Amino acid sequence: MKRKRGRVKWVGVTACALLLCAWIGTFWSALGYQFPTVVVDLSVGCFEVSVYPQGMPMQGWFAAWQPYEVYWLPTLIRGRFITSRTTHVFVPLWIPLLFVGAATILAFRHDWLFAPGHCQTCGYDLRGAEHEVCPECGVEV
Ligand SMILES: [Zn+2]
């Protein structure tokens, strides 16, 4: 249990670092994959899904370096971008970063409260005496 939580924490920290790098990095770069009519990529500070009903001229991975206009908010663009009849959905990467960051902070906070020999609910120090319930919060030990 303890070990599992430890792993969750470091996965969280790693995910935060990757998301932060991806977010900042895509202010100047784009990286994605082109399917026949759908493009999935990281660019303009967002995770982007684009639909090209007329089909893409190429398929496969693509990358580009250039300063882009950054989208700070979730954005839906239809039919007036690159070519007509396309749909672009932009999800800014700070949104998953916020969730993963909050979850990671909670995982760390848990760890401080759940120190060995302390109440698993309130963190009261239970060492030195036998308790059936926590004298601080009344939860069964
Ligand atoms: Zn307690």
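Tell me the residue from E136, E140 that is surrounded by 13 or more Cβ atoms within 10 Å (Cβ to Cβ), closer than 28 Å to K9 by Cβ and charged (D, E, K, R), please.
When all the criteria are applied, what remains is E136.
Given the structure, is E69 among the charged types (D, E, K, R), loosely packed, with under 12 Cβ neighbours inside 10 Å and within 16 Å of the ligand (Cβ to nearest atom)?
no
Answer yes or no as to whether A30 is in a helix (DSSP H, G or I) and surrounded by 14 or more Cβ atoms within 10 Å (Cβ to Cβ). Outline the logic, then answer.
Working: in a helix (DSSP H, G or I): no; surrounded by 14 or more Cβ atoms within 10 Å (Cβ to Cβ): yes.
In short, no.
For the range 42-59, does any single residue satisfy the condition of being within 25 Å of V13 (Cα to Cα) and without any contact (Cβ under 8 Å) to a residue 24 or more places away in the chain?
no
Restricting to the range 49-75, what's the tally of residues that are closer than 18 Å to T26 by Cβ and not β-branched (V, I, T)?
14
Each value in this text was obtained by applying a stated rule to the coordinates, not by laboratory testing. What you see is a predicted model; the values in this text were computed from it and never measured. When we count neighbours, we look across all protein chains shown, and the Cβ atoms used for this are built from the backbone with ideal geometry, even at glycine.
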